[in-house]
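Take a look at the structure set out below.
The values are calculated or read from the model by the stated rules, or taken from the named source; none is laboratory data. Keep in mind that this is a model prediction, so the values were computed, not measured. Cβ sites come from the backbone with ideal geometry, for glycine too, and all protein chains shown count toward neighbours. The area values use the complete protein model at the heavy-atom level, side chains included, leaving out ligands, DNA and RNA. Shrake-Rupley method; radii C 1.70, N 1.55, O 1.52, S 1.80 Å.
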Amino acid sequence: MNRRSEKPTYMERIVAFIVDKRKGFYLIYILSVIFCIFSSGWVSVNNNITDYLADETETRRGLMLMEEEFTTYATAEVMIDNIAYRDAQALCEELKQIDGVKDIAFDDTKTHYANGAALFSVTFDGDAQDPICESALAEMENQTADYDAYFSAELGNTKAETTAKEINIVMIIACIIIFLVLLFTSRTYMEIPVLVLTFAVAAVLNKGTNYIFGTISFVSNSIAIVLQLALAIDYAIILCHRYTEERQTKDAREAVITALCKSIPEISGSCLTTLSGLAAMSFMTFRIGFDMSMVLIKAIIISILTVFTLMPGLLMSFSSLIDKTHHRSFVPKITIWTNTVVRLRYITPCIFAVLLVASFFLSSQCPYAYSYTNLKTTKKNESQIAKEKINENFAVPNMLAIVVPSGDYTKEQELLSELESYPEVDTVTGLASVPAVGGYRVGDQLSPREFSELTDIDIELVRLLYTAYAAENENYGKIVGGIDNYRIALLDMFDFAYEMADQGYVSLDETVKDKLDELHAALVDGKSQLESEAHTRLVMNLNLSEESDEMFAFLTTVRNTAEKYYGDDVLLVGNATSNYDLSATFGKDNLLISILSVLFVLLVLFFTFQSAGIPLILIAVIQGSIWMNFSFPTIRHTPVFFMGYLVVSSIQMGANIDYAIVITNRYTELRRKMKPCDAIKKSLELAFPTVFTSGTILASAGIVIGLLSSEPAISTIGTVLGRGTIISVVLVMGILPQLLVLGDFIIDKTSFNLKDHIRMGGGENEEV
């Protein structure tokens, strides 16, 4: 073998240190992997997508306020199909006795009984994270095992557990696909374990270090590993292929050193474009973009570090086995393809230009969804199946909460009455309108005599209570003007009477005391859900779709109505407001990410190729693939989850452009000694294994995620990423070579390193 005699460069000395001290690096990685296996359990996962709304959005402010000031019990919908109403009543009473069930709403209206199906609206005695709710739901499932029952509920970590199971299956299938693709494109059998071991270490390190973020989103937690393998596989493949090339003329150590030295610039350039696309996501107003950006950027950095510091040692350690396991190439020759591409160089670019314009307009009309209501996934979990069944028989609920200042029940009742008058409102509930006893509502103003008759408390004692209440609230005018004309809200008087009796200031007989205790307990429970010291919550049930122009317009009507009574101190909270906030920020995020991802990638390409022409050609091809990708939802009239567009457009721009870089790098090198058409043919032949390997893995991973995930946000990202990668590969292998040949003269003239672009004679118009 040939050995280098010249003095090693600084880079070669660093690489030699990595190779020679490989056992030390092995030890570091072994300890890191062990640590990360344990630390992966420290990661907290957030399953609520609305938590990533910007803090200044109305929905986010309202949710934070309600979480701090109100009690919200967990709920579930249980549908029993093919059951008589009388039997449903009896079953409802049985289910109410289950420990952990607070109440079940059921009656003979179409809201709860229709088409031979009964719908029980269950309220649990705890919030969604309380274990008692999961236990109660499990017991309900046991008691309804003999019925045709459907359960729709999100309690505890059920969503996270379901998603984790699905992603585990995705990982298994993705690993099988990766293994088969690597086997097909490999040059030796033993390089596959080296690649797999490198991937596995990088994946474990990334998952285990996610704890540094404290909490990550369920989207990032679910697909980060799959995307990490798919996005970073290029780096290991480039180094591995470089090694096998260098090994033909050098000994193992020298081959590894030379291969890594040559690979670092190429891998770094590819890595930077991917990081640029991911970095653009961090500027999203919707903060889940920042969450995914940080997790995936860390994943790419860890991947490139393992390729640079772990894989060289593995290549060295397994060099003898790699040498012994060479096999014939399974990758077919693409001579027919390359010849066809060159022959059609004057035709297909014109077609591409037309498609580019058409796809731009079609993608701009892409129907976006901001909630899961109108989204369909190929795979459905049990809760989704139940929800669809329930929606087939009963109206889809659309709840809207209005948070206003508390303390004035009269004003609250007037607002409730006005809201009830709108045809868009089915029901509206507020503490002031909750029925109490004797036909009164808790917000009704009662005189001493009316309160005495309602509670059976002696009128003189009631007058004393009213006088004490007026004195405590410094309302002395009522005492002077006559206490019999003093009217106090029923809830306030109940609270005061209970407090006086509890402290021993008022003596009541046992019957009255028991009645007061019972009423007080019910009112306190209702108050904890609907009123705090500062705010009160009104809950509306609307007959509009959560995500519609009519719903968004009605939000304005509700706000204007509430502001007549409470001024600007009004917050609207619900799925509809969340959809409205997301739709309002989407346009800004879309424009920002599109501009930033293009600028970041353009900047990397500019310095990589030191040319003004090449970056524009590459960007045109990849941006075209993005527009074409999001033309499909417009053509098929199927909505796409907005987050899928923002995430995938960034990844597509940052990662898929790597394929274009591989071909363009080869072309610029070969063009120094070949004519344009010959150079591009050779470039396609050399780049095809890398583009095919990486593209197939990324596309397959996306498609598998889309098919096997029941979570709409994750499924959407997978589906559009898989489709977009396929489009990118086709354009990079078909259109990009033609544009490079046709733009050869422009590329030459816009280069900043003229000495590297001295061309052979013959120009572009040579014979094919």
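Out of curiosity, is Ser329 modelled with pLDDT under 90 and open to solvent by 60 Å² or more (accessible area, probe 1.4 Å)?
Yes.
Select from segment 138-169 the residues that are closer than 23 Å to Asn541 by Cβ and not in a strand (DSSP E or B) and list them in ascending order.
Ala153, Glu154, Leu155
Name the residues in segment 35-83 that are small (Gly, Ala, Ser) and touching an Asp or Glu at 6+ places or on another chain (Cβ under 9 Å), would you?
Ala54, Ala74, Ala76
Return yes when Ala230 is under 28 Å from Ile385 (Cα atoms), modelled with pLDDT under 90 and within 21 Å of the chain's Cα centre (by Cα) and no when it is not.
Taking the combined requirement at face value, the residue does not satisfy it.
How many residues are surrounded by fewer than 17 Cβ atoms within 10 Å (Cβ to Cβ), among the β-branched types (Val, Ile, Thr) and farther than 17 Å from Glu77 by Cβ if we restrict to segment 366-400?
Count: 1.
If you scan segment 380-409, which residues turn out to be of a type in the set (Lys, Arg) and outside any helix (DSSP H, G or I)?
Lys380, the sole residue that qualifies.
Looking for something open to solvent by 80 Å² or more (accessible area, probe 1.4 Å) and among the acidic types (Asp, Glu) - is there at least one such residue anywhere in segment 67-76?
Yes, there is a match, as at least one residue in segment 67-76 is open to solvent by 80 Å² or more (accessible area, probe 1.4 Å) and among the acidic types (Asp, Glu).
If I filter segment 414-432 down to residues being open to solvent by less than 30 Å² (accessible area, probe 1.4 Å) and either of a type in the set (Lys, Arg) or touching an Asp or Glu at 6+ places or on another chain (Cβ under 9 Å) (or both), which single residue comes out as farthest from Ile488 (Cα to Cα)?
Val428
Looking at segment 594-614, can you tell me whether even one residue there is of a type outside the set (Val, Ile, Thr), under 25 Å from Ile233 (Cα atoms), modelled with pLDDT of 85 or more and in contact with a Gly (Cβ under 6 Å, 6 or more places away or on another chain)?
no
Condition test on Pro265, is it modelled with pLDDT under 85, in a loop (DSSP other than H, G, I, E, B) and out of contact with any helix residue (DSSP H, G or I) (no Cβ under 8 Å at 6 or more places or on another chain)?
In short, no.
I'm told Glu453 meets every condition in (1) open to solvent by 70 Å² or more (accessible area, probe 1.4 Å); (2) out of contact with any strand residue (DSSP E or B) (no Cβ under 6 Å at 6 or more places or on another chain); (3) touching a residue at least 24 places away in the same chain (Cβ under 8 Å) except one. Can you identify the failing condition by its number?
All conditions are met except number (3).
Yes/no matrix, rows are residues, columns are (1) of a type in the set (Asp, Glu); (2) within 18 Å of the chain's Cα centre (by Cα); (3) open to solvent by less than 30 Å² (accessible area, probe 1.4 Å):
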| residue | (1), (2), (3) |
| --- | --- |
| Val256 | no, no, yes |
| Pro265 | no, no, no |
| Leu275 | no, no, no |
| Met292 | no, yes, yes |
| Ile297 | no, yes, no |
| Ile300 | no, no, yes |
| Ser303 | no, no, yes |
| Thr306 | no, no, yes |
| Ser320 | no, no, no |
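Just give me the residues in segment 143-159 being within 13 Å of Val101 (Cβ to Cβ) and surrounded by fewer than 16 Cβ atoms within 10 Å (Cβ to Cβ), in sequence order.
Gln143
Identify, please: which residue in segment 483-518 is assigned to a loop (DSSP other than H, G, I, E, B) and open to solvent by 30 Å² or more (accessible area, probe 1.4 Å) and is, among those, modelled with the highest pLDDT?
Filtering first and then ranking leaves Arg487.
Out of curiosity, is Pro332 free of Cβ contacts under 8 Å to residues at least 12 places away in the same chain and assigned to a loop (DSSP other than H, G, I, E, B)?
yes
What are the residues in segment 538-561 that are aliphatic (A, V, I, L, M) and under 27 Å from Val640 (Cβ atoms), if any?
Leu542, Leu544, Met551, Ala553, Leu555
Could you list, in sequence order, the residues of segment 158-214 that are free of Cβ contacts under 8 Å to residues at least 24 places away in the same chain and under 20 Å from the mean Cα position of the chain (by Cα)?
Passing the criteria: Glu161, Lys165, Asn168, Ile212.
Scanning for something at pLDDT 85 or above and polar (S, T, N, Q), does segment 5-26 turn up at least one residue?
For segment 5-26, residues at pLDDT 85 or above and polar (S, T, N, Q): absent.
Looking at segment 169-224, which of its residues are hydroxyl-bearing (Ser, Thr, Tyr) and under 25 Å from Arg328 (Cα atoms)?
Passing the criteria: Thr185, Ser186, Thr188, Tyr189, Thr198.
Can you list the strands (runs of 3 or more DSSP E) lying wholly within segment 1-118 that have 3 or more residues being in contact (Cβ under 8 Å) with a residue 24 or more places away in the chain and of a type outside the set (Lys, Arg)?
Those strands (runs of 3 or more DSSP E) span 44-46, 75-81.
When you scan segment 280-289, do you find a residue that is of a type in the set (Phe, Trp, Tyr), under 38 Å from the mean Cα position of the chain (by Cα) and open to solvent by 20 Å² or more (accessible area, probe 1.4 Å), even just one?
yes
Is there a residue being surrounded by 22 or more Cβ atoms within 10 Å (Cβ to Cβ) and within 21 Å of Ser597 (Cβ to Cβ) anywhere in segment 663-686?
Yes; the residues of segment 663-686 include at least one that is surrounded by 22 or more Cβ atoms within 10 Å (Cβ to Cβ) and within 21 Å of Ser597 (Cβ to Cβ).
Scan segment 60-67 and give yes if some residue there is of a type in the set (Lys, Arg) and more than 21 Å from Gly116 (Cα to Cα), otherwise no.
yes
Picking from Tyr243, Tyr211, which residue would you name as being farther than 18 Å from Asp658 by Cα and either open to solvent by 30 Å² or more (accessible area, probe 1.4 Å) or part of a loop (DSSP other than H, G, I, E, B) (or both)?
So the residue among Tyr243, Tyr211 that is farther than 18 Å from Asp658 by Cα and either open to solvent by 30 Å² or more (accessible area, probe 1.4 Å) or part of a loop (DSSP other than H, G, I, E, B) (or both) is Tyr211.
Tell me which residues, restricted to segment 610-640, are over 17 Å from Asn656 (Cβ atoms) and of a type outside the set (Ser, Thr, Tyr).
Passing the criteria: Gln610, Ala612, Gly613, Pro633, Ile635, Arg636, His637, Pro639, Val640.
Being farther than 19 Å from Ile233 by Cα and of a type in the set (Phe, Trp, Tyr) is the filter here; which residues of segment 308-346 pass it?
Answer for segment 308-346, where residues must be farther than 19 Å from Ile233 by Cα and of a type in the set (Phe, Trp, Tyr): Phe318, Phe330, Trp337, Tyr346.
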